[in-house]
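The values are calculated or read from the model by the stated rules, or taken from the named source; none is laboratory data. For clarity, every value in this text was computed on a predicted model and none was experimentally measured. Glycine gets a Cβ as well: all are built from the backbone with ideal geometry, and neighbour counts include every protein chain shown.
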Amino acid sequence: MTAYVALLRAVNVGGTGKLPMSDLKAMCEEAGFAKVKTYIASGNVVFESGMTEGEVAAALDGRLKAYAGKPVGVVVRTAAEMNSVLKANPFPHAKPNYTVAIFLDTPPPKDALEAMVAPDGEEARLGKREIYVHYPNGQGRSKLKLPAAKAGTARNINTVAKLAEMAGEL
């Protein structure tokens, strides 16, 4: 059994994509996942499964689509990958709630940062299947434009750390 972290896109954020975490947990259990635990109400879930990453994503994606009536989007990482994302944070001295990892399904294009517009001094670095962004003034009012990040889902470093910890305990 492999420990996984699943990150849902645009769930319970800004009044969109309402999904009670109890329903998410039930979907995961129906998919055959074990030791299912959710973390905060923004679409984070950890569990164990004997399935591959792709099978896990497909199983959860199908259930979410049936629930919401439209694709929700889910990104899956193993516990080891989530720990690696945390350790690879290129902004270790920045406030963890001002730094995010944007999780993508595939590696970001090597030129992903060339189209970035960062009017408030935001900094970004590419990871394996992530884009890290530091928002020196916070994310809430940022006017950052980063087209390569549109397909991803962001979690601040505090959340990444907690999910890595939870998945590591499975």
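Brief remarks on what is shown
- Of the residues making up the range 113-143, those that are under 19 Å from the mean Cα position of the chain (by Cα) and either modelled with pLDDT under 95 or assigned to a loop (DSSP other than H, G, I, E, B) (or both) are Gly127, Lys128, Arg129, Tyr135, Gly138, Gln139, Gly140.
- Those residues of the range 77-133 which are touching a Phe, Trp or Tyr at 6+ places or on another chain (Cβ under 9 Å), among the small types (Gly, Ala, Ser) and surrounded by fewer than 16 Cβ atoms within 10 Å (Cβ to Cβ), in sequence order: Ala88, Gly121
- Qualifying residue in the range 68-80 (condition: touching a Lys or Arg at 6+ places or on another chain (Cβ under 6 Å) and at pLDDT below 95): yes
- Among the residues of the range 16-38, just one is modelled with pLDDT under 90, exposed (fewer than 14 other Cβ atoms within 10 Å of the Cβ) and more than 16 Å from Lys70 (Cβ to Cβ), namely Pro20.
- Counting only helices (runs of 4 or more DSSP H) that fall entirely inside the range 1-87 and contain at least 3 residues that are under 15 Å from the mean Cα position of the chain (by Cα), the qualifying elements are 53-68, 79-87.
- Checklist (1) within 24 Å of Pro20 (Cβ to Cβ); (2) buried (at least 18 other Cβ atoms within 10 Å of the Cβ); (3) touching a strand residue (DSSP E or B) at 6+ places or on another chain (Cβ under 8 Å) applied to Glu48, failing item: (2)
- Identity of the residue in the range 146-160, out of contact with any helix residue (DSSP H, G or I) (no Cβ under 8 Å at 6 or more places or on another chain) and part of a strand (DSSP E or B), that ends up surrounded by the fewest Cβ atoms within 10 Å (Cβ to Cβ): Ala154
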